[in-house]
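Let me begin by presenting the structure, written as structure tokens, before commenting on it.
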Amino acid sequence: MTIEETMAYIQAVTKKGSVLGLENMAELTKRVGHPEADLHFVHIAGTNGKGSVVAMLSSILEEAGFRVGRYISPTINYYNERIHVSGMDIPDEALARHMTTLKKAAEDMVEEGLEHPTAFELETVLGFLYFKECACDVVLLECGMGGLLDATNIIPKKDLAILTSISLDHVGILGNTLEEIARNKAGIITPGCEVVLYAPDCVELLNTPEDSKEGAAVVEVVRNACKEAGAFLTITEPEKLQVISDSLQGQRFSYKDWEEVAIPLIGEHQLRNAMVVLEAVEVLLRKGYEIPKEAVYRGLSHTYWPGRLELVSSRPVILLDGAHNPDGAYKLSRCMKKYLSRYLTIVIMGVLRDKDYPKMIEQIEPLANVIITIDPDNARALSDEELERAILAYQKEHGARAQVLHGGRIESGVELANQLILQLGTQDVALVVMGSLSFQGDFRRYLGI
């Protein structure tokens, strides 16, 4: 297939939807020679923070001289970003070549009465094929959804399993409680592997007398999974974090024996993600990875991870953030309180209808002066009018702070924000773009970034 035919095929398969389960993955990987069997993996699951942890850890390992494969989703600018090896996205030629192989395997499966693999299953195996072809030393593999039945969980062994922040998302699919969701994500823990867990902080969102019990339940679920698998668990220790400085330009901190660490990422949650990464480095060192201390400092300081509380302009202040669920909105709100309190704040907000957007509104509306609702170019999008009605309903019950404008499509929402910024002057105006990573690339193009 050409690259154009490849992308058309992927889009056609994507429309068929997705299912959780490993039967198709077992069959598909067998038909292409089990490329995953020859790779070393760090497997990452969690509700939020997976991508940030992957970005920081890959930067460190590349500084240390490793050939690093990176598998992520969703992407921001273009499809090839999800499969990445040491500074380079998969080229069109390799993408088309490997997908041609997988398309033939998928068609053979259907002819034999089996289910056609989902788009995510095809993409995941394509990643395995390319990482093996590139002779990667280690692959940082991000789960798509959950963990236990996620397509990525087909890998036979892993050097390390990382569980980032766990909170309520995909409720009804992964589980109806935080404990059930944690159990699903802990499904990536396999016999003998080492595990690093982000110390729970998501309970701050729950606002019930059961907060501490919910947080303890997450830890207990992971402890039990490790005990059953004979896996060694490390939990981050936030009480050992010392913040030295923080601003919109980045943060400096010390954690345990790591002193004066700098990261360009902002927000308290990124400090917690950095703790996960430092604990992961300690595990990999114990497993024989040669990672000089200087590579850790350089890798963290050079981390680039777009669309996650990313400062793309200082005057006016423009922040792009992929917050797409209540936990993400809560973390964004903390940053807005810390960094934007003196600004007149305009929020461009677009959400997907299968997210808990009422709770996202609850976090963001009290901090915004203007909210422009937009209609993302996504089959799962909530329309700008529906989002506007949800915000107005919240304001009717709780009192209004923000002026609400529906901006229509992304480009018209950006144009409306630009008009407001010009009217207000740039010095004390901040623009926050939030709601999903799926349309961050469009915003970057319309903003000329």
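Taken over the range 1-52, the residue count meeting the criterion of being loosely packed, with under 15 Cβ neighbours inside 10 Å, closer than 30 Å to VAL276 by Cα and modelled with pLDDT of 95 or more is 1. Taken together, the criteria exclude SER333 from residues that are polar (S, T, N, Q) and more than 28 Å from GLU268 (Cα to Cα). Test of understanding: among GLY435, GLY399, which residue is in the same structural domain as GLY350 (by TED's automatic domain parsing), surrounded by 21 or more Cβ atoms within 10 Å (Cβ to Cβ) and at positive phi? From the options GLY435, GLY399, the qualifying one is GLY435. Might you let me know whether the range 432-448 holds any residue that is farther than 23 Å from ARG308 by Cα and without any contact (Cβ under 8 Å) to a residue 40 or more places away in the chain? No, the range 432-448 has no match at all.
Could you tell me which residue of the range 402-431 is surrounded by the fewest Cβ atoms within 10 Å (Cβ to Cβ), considering only residues that are without any contact (Cβ under 8 Å) to a residue 40 or more places away in the chain and not in a helix (DSSP H, G or I)? Ranking the qualifying residues of the range 402-431, first place goes to GLY425.
On the stretch given as the range 241-256, residues that are at pLDDT below 95 and among the charged types (D, E, K, R) total 1. Filter the range 70-116 for residues that are in contact with a Lys or Arg (Cβ under 8 Å, 6 or more places away or on another chain) and more than 30 Å from MET434 (Cα to Cα); which is surrounded by the fewest Cβ atoms within 10 Å (Cβ to Cβ)? So, considering only residues that are in contact with a Lys or Arg (Cβ under 8 Å, 6 or more places away or on another chain) and more than 30 Å from MET434 (Cα to Cα), the one surrounded by the fewest Cβ atoms within 10 Å (Cβ to Cβ) is ASP108. If I go through the range 354-378 residue by residue, how many of them are over 21 Å from the mean Cα position of the chain (by Cα), among the charged types (D, E, K, R) and either farther than 17 Å from ALA417 by Cα or in a helix (DSSP H, G or I) (or both)? Residues meeting the conditions: 2.
For the range 321-341, the count of residues that are part of a strand (DSSP E or B) and in contact (Cβ under 8 Å) with a residue 60 or more places away in the chain is zero. Among the criteria (1) out of contact with any Ser or Thr (no Cβ under 7 Å at 6 or more places or on another chain); (2) modelled with pLDDT under 90; (3) buried (at least 23 other Cβ atoms within 10 Å of the Cβ); (4) outside any helix (DSSP H, G or I), the one ARG308 does not fulfil is (1). Number of residues in the range 236-270 that are within 20 Å of the chain's Cα centre (by Cα) and either within 24 Å of ILE189 (Cα to Cα) or assigned to a loop (DSSP other than H, G, I, E, B) (or both) equals 7. When ASP384, ASP356, ASP442, ASP375 are screened for being in the same structural domain as ALA323 (by TED's automatic domain parsing), at pLDDT below 85, of a type outside the set (Gly, Ala, Ser) and in contact with a helix residue (DSSP H, G or I) (Cβ under 8 Å, 6 or more places away or on another chain), only ASP442 passes. Does LYS213 satisfy being surrounded by fewer than 15 Cβ atoms within 10 Å (Cβ to Cβ), among the basic types (Lys, Arg) and either out of contact with any helix residue (DSSP H, G or I) (no Cβ under 7 Å at 6 or more places or on another chain) or at pLDDT below 85 (or both)? Criteria met by LYS213. Report yes if LEU382 is hydrophobic (A, V, I, L, M, F, W, C) and surrounded by fewer than 16 Cβ atoms within 10 Å (Cβ to Cβ), otherwise no. No. Apart from one condition, ILE162 fits all of (1) modelled with pLDDT of 95 or more; (2) within 20 Å of ALA216 (Cα to Cα); (3) in contact with an Asp or Glu (Cβ under 7 Å, 6 or more places away or on another chain); (4) not acidic (Asp, Glu); the exception is (3). For the range 90-100, the criterion of being among the hydroxyl-bearing types (Ser, Thr, Tyr) and either in the same structural domain as GLN440 (by TED's automatic domain parsing) or at pLDDT below 95 (or both) is met by none of the residues.
Listed here are the residues, each with its yes/no results for (1) buried (at least 18 other Cβ atoms within 10 Å of the Cβ); (2) modelled with pLDDT under 95; (3) in contact with a Lys or Arg (Cβ under 9 Å, 6 or more places away or on another chain).
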site: GLU260; (1), (2), (3): no, no, yes
site: LEU278; (1), (2), (3): yes, no, yes
site: LEU284; (1), (2), (3): yes, no, no
site: ILE291; (1), (2), (3): yes, no, no
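The values are calculated or read from the model by the stated rules, or taken from the named source; none is laboratory data. Since this is a predicted model, take the numbers as computed values, not measurements. Ideal geometry is used to build each Cβ from the backbone, glycine not excepted, and the neighbour counts take in all protein chains shown.
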